[in-house]
Each structure stands twice: as C-alpha cells, then as structure tokens.
1. Report, to one decimal in Å, the Kirkwood hydrodynamic radius for the range A:100-172 based on all distinct Cα pairs.
2. Rounded to the nearest 500 deg cm²/dmol, what is the calculated helix-only ellipticity per residue at 222 nm for chain A, with -39500 (n - 2.57) per DSSP H run of length n ≥ 4?
3. When the accessible area of the range A:100-172 is computed with all protein chains present and a 1.4 Å probe, what percentage of it is carbon and sulfur?
4. Have a look at A:GLY272, A:GLY231, A:THR212 and report the one farthest towards the positive end of the charge dipole of the range A:208-334, computed about the Cα centre with Cβ charges (Lys/Arg +1, Asp/Glu -1).
5. What residues of the range B:213-244 lose no less than 40 Å² of accessible area with every protein chain in place versus their chain by itself (probe 1.4 Å, heavy atoms only)?
6. Please get the size of the charge dipole for chain A, origin at its Cα centre, with Cβ charges of +1 on Lys and Arg and -1 on Asp and Glu, quoted in debye to the nearest 20.
7. Between 0 and 90 degrees, rounded to the nearest ten: what's the tilt of helix B:155-167 against the longest Cα principal axis of chain B?
8. As an exercise, identify the chymotrypsin sites (Phe, Trp or Tyr not before Pro) in the range B:211-287 lying in DSSP coil whose Cβ has no more than 10 other Cβ atoms within 10 Å.
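The values are calculated or read from the model by the stated rules, or taken from the named source; none is laboratory data. What you see is a predicted model; the values in this text were computed from it and never measured. Glycine also receives a Cβ, built like all others from the backbone with ideal geometry; neighbour counts cover every protein chain displayed. Note: areas computed on protein heavy atoms with side chains; ligands, DNA, RNA excluded. Shrake-Rupley method; radii C 1.70, N 1.55, O 1.52, S 1.80 Å.
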Amino acid sequence: MSHLLEVSGLTTVFDLPNGPATAVDGVSFAIREGETLGLVGESGSGKSVTALSLLRLVQPPGRIAAGRITFKGRDLMSLQETEMQRVRGADIALIFQEPMTALNPVFTVGQQIGEALRVHGRTTRAGARHEAIRLLTAVRIPDAPLRVDDYPHQLSGGMRQRVMIAIAIACKPALVIADEPTTALDVTIQAEILDLLREMKQSLHLSLLLVTHDLGVIAETADRVAVMYAGRIVEQGPVREIFRNPQHPYTRGLLASMPGGARGTRLRAIEGSVPLLGALPAGCAFHPRCPDRFAPCSTRVPGDYAATPEHSARCFLLDPLLEGRGALPPVPSS
Amino acid sequence: MSLLHVSHLVKQYTRGKGLFRRGTTVTAVDDVSFSIDESETFGLVGESGSGKTTTGRCILRLVEPTSGAVSFNGENVLALNARDLRARRRDMQIVFQDPYSSLNPRMKARHIVEEPLIIHRLGDARARRERVAELFARVGLDPAHLERYPHQFSGGQRQRIGLARALALNPRFLVLDEPVSALDVSVQAQVVNLLMDLQRDLKLTYLFVAHDLRLVEHICDRVAVMHLGKIVEMGRTAALFERPQHPYTRALLSAIPVADPDAPRARVVFDPASADRSNALREVEQGHWAAI
C-alpha cells in the first residue's frame, strides 16, 4: 500500500500576546490508501489543530511554522491559496464535531450539498438536486426526496451529521478528516454514524483520519493509531499493538484509567492534569505525571524510538543506550 | 431501608401556549417510580431527552414536578413550604456536569465553598474558615489555593470545588448530574475515585445521572434505564448489564464502544415498534424489572 498523505515535522504555532505557543510540535505520520488512522488525544493535545493544519485552515494568530504535507505526491505547503481551495472538499474533505454550527441555517440541506458539488464543477444547477438526493439516500436518510428541502434545524443531530457526511463525500475525496464526528451525539446514534463512516470508507475506497478523545471509538474504527499529548505524537502503531502492547506511559495510563475490573474498585488514575498550552513542562511534556520518569525526562525531549518496525513511541524507556531507567514489564507475545 | 422514594413522578412542559392557543404538552418525565437505599449508588441512564436530568432536578425541586410523590427519609419533599424545603436541602445536594459554568467566576474558591454555610447560618467566621479548609483538603485540593478564582483551576479541580461546596452542609444524599463527562479522560478516573472514597467515608447516598454506561456499570449498585421519559428497565447492575430484557436496553448496551479492537461486536438496533410504550414494569427476576 502506498502513502496517500505524508506529514513530516508539522509545527503549528499560535502567536499569543505573551509569546508564541506551539500547539503542534514536529508531528509526523502517514496515511495509506484505504486506511483509517485514529488520532487520539485530550483537550489541548493539538489533535484538532493538526487536522486543520493539513488543510491549511489554521487562522491567525495561528500559523504553520514548519513541516511538509505531501498528498498524492504533491507538496500542499507550496500550493497557491486558489490551488489549495481546489484540494479542499474535492481531494480532502472535513467533517466537524458539531453539525449544527457547521451547516448554514438559512439554506436547505439540498442547497448545501449542491454548493459543494458546483464549487468544484461537478454538476450543474439542475443536476445538483438530483445528486443531492442520491447522496442523502447513500448516507441512509429516509425519504431523501423530501428531506432534501429541509433546513438543518428540522433534522435531528444524527441526521445533521449524516448530511455533513453526504457533503464530505459529494466530490469523491480520497481522504476524509473527521474531527470528533460523534462526540456531540448519543451513544446509539454514535454507533450508527461510525457504522456509516466505515461503510462509506469501504464502498468509496476512502482513507479516513479520525480525530477523537474516545479510545472506544478508536478501537472500533481505526487501523492504526497516533496518540497525541501536549502537541506531540507520543506513540503510533497498529491498533492492536497500541491496545495490547502500549509502550508510552501516557498510553498505558489512559488505557488503565478506563472503567473496568470489579465494580466499585478504584480506577487507576493518571495523576495531575493536562498541561496548558504555553506552559508546557520542559523535556518530555508528560514527565510531571509519569510514574516511570527518570533522569533525562525533565531536561531532554525524547526521540521517536521504534518498538517494532510499525510501532514507535517518544519515550526514553525505549532508548537502549540509557542507563538507570525503570524496568519495563515483559512484552507479551501476540 | 430506602432513604429516597420516588413514586409516579410526572413533569410536563407546555410549549407555544398563548392567550388563545392551548399549546402542546411535552411529558419529559412520565410516571417514574424508584427508591434508593441508604449508602447506595443508583444510576439513572439514558440518552438526551430521556428525562434523566429532569428527574434528578424534580427530586430536589430545582424543577417543580407536575405530579407524583418524592419522600426523603420518610418526609414528603413535595409538600414542604419554601422555608422547610431550604432546611431539608441541607441533606440533599447536587453536583452539576459542567464545572466551567456552574461556579461563579467572580467568587474566590473559598467563598464558593463557604457560601452554603453562610446561607444556612452555620458557625462563626472562624468556624467556617476551618470547615472550608477541611473540605478543601477532603476533596484533594491544596488549601494554599483557597484565594484563587475558578478560572485559575483545571476542569478536574473545578469539579472538586463543586463537590466541596455540595459537601459543606454534610448532606446524606447527592444528585451527581454527569459529574465527570466534561472532564478529560485522564482526569475522569481521579474524580470517580474521589466520589467512591467520599461515599464510603461519609456514608453518602448517590443518584448518579449519566450517559456513560461504562462508568455506570463500574460504580452503581443498581441502575434504571430511561427512554423518552419512562423507566424501561431497572435492576441490580450486574443483572441488567448481563441480562438486559428490554429491546432499548439491549440496543443501548450494544452501542457502547469497547476499548478493545478484538471485542466481538454485535450491534442491536432499537426498533420502537418492538416495544409497547404502555407496558408497565414487571419483575423478570428478583429485583430486576423491565417494561416488556
């Protein structure tokens, strides 16, 4: 499988009154054709800014300070704004968390799907309505020929997110970025939307970048996972390796802190709280909360160490040359 | 011995009512009955619009119910006049979901926690000072931060302030309305542990209102599942999660994303036609009720 998208050294900075704050710090990853990459992180981890940076949609005071974004072999950072506009929607589409604010309240859903098509010259005014109905049917909206004339407020949250997906797939993009697409939805609706995304990915041969804070959603949807903390990808690898054999203490902590085990027993919480952008600890940003920290963690930023050819983590525990580190539990054979 | 007993609780809202228009009536809580034992954690789960939050607020009369009865410690809460209700509220408190909007941003943390003591005229300034410091330590906050404002605390710390305030009057019963769902995943577990510690140490009784079924399964002794204003299933947590009887409960449980890529997934889709909304709860096994 070849790489559809390659990101290397992506760094996005916000120029705030009290100095620049690095929201995304040297992020590198790749997405293959037909693959779902789950980008998981908590608030302030930089996962949403990463998603916006890929489309060069970061607004001032934010700016992409460094990095390369290569899509189908083209360097997106070198494109003119007009060329970039042709990439957005047509090659890479974006689905937001809150479908109520992402849709325009004064246009019908049919008009909004039609606009996406016509901007990219995919259809005529007359053809747009027909195509909109076809797309609404594809995303399983019942009575699509009637619903096409509905305004967003006439639809439920789940139906609005289906409309967002219809707009996203309208121009047959190769990559869809979904930023917390189910966070605002109830759990049964979330399940339907995740099923729909999986189905669309299959039938349209899409690649998917799924941004979420929910490890359950990641486990159900992603082929590979990148875990972000304080602006950096701290671990990435195939979904099974991340869940079965996590290498970074943050990933391990997240998985261990989830409810489970005997009812009423204490959960294994991660100490402390997520650091604020602009006040990140030196060295590894996780070190003040890390149960395994040792000498170099507070002063040096760890490099990306390979655990297996497909699985890496930014943690000194994986540095074979460092002495005095805490003992790692044995790696289970899988 | 049950501490709280709710029977046939109904809350209706009227929409679009005008001088010459009758408006439409929406029944948010539709004939809900349950009781909670002393020191028990009772989970009320459901999706948005299920009526779970309204039920919690009706019990404290933050929302006035349309009809029904709520008895707390043998006393009819709905019959209390304003003065008696205020006195009774010392025993019944609530912690809200959003620690960002539920704390007054212009009050120092000390004052937020102290305020209930002032309202109920408890202790002199020195005694209150000591009590606030004690509460701060009890919920795991640094007493050195008493003079800070809410925005100077993280989300998890703010929820601890909300808890300290709720505990100020030594209540016996707490309504926890989605107490951790606005928090970061890595911080949720800390607050959940704190809630479990407080319950054990202070012998608290909890009504835990939540949509996170994984969490409800972990901390609740008994659970009621609400759907469109009605309880469709209720029972001991293990029985309800292992042997769900109502089609809606089955769909809800099957929709929980499992943090295991190899977990078997069998999605059950709820067909409203498969359940008769007029069915009353009946006991399907001891202590396990379903509206089927």
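1. Values: mean 1/r = 0.0853 Å⁻¹.
Evaluated on the range A:100-172, it is 11.7 Å.
2. On the way: 11 runs with 100 residues, N = 334.
The per-residue figure over chain A is -8500 deg cm²/dmol.
3. Values: 2040 of 3710 Å².
With neighbouring chains kept in place, the figure for the range A:100-172 is 55 percent.
4. Of the listed residues, the answer is A:GLY272.
5. For the range B:213-244, once contacts with the other chains are taken into account, B:ARG214, B:HIS218 lose 40 Å² or more.
6. Values: 34 positive and 33 negative charges, 27 e Å.
In total the dipole reaches around 120 debye.
7. For helix B:155-167, the angle is close to 80 degrees.
8. Working: sites: B:PHE241, B:TYR248, B:PHE270; in loops: B:PHE270.
Passing sites in the range B:211-287 do not exist.
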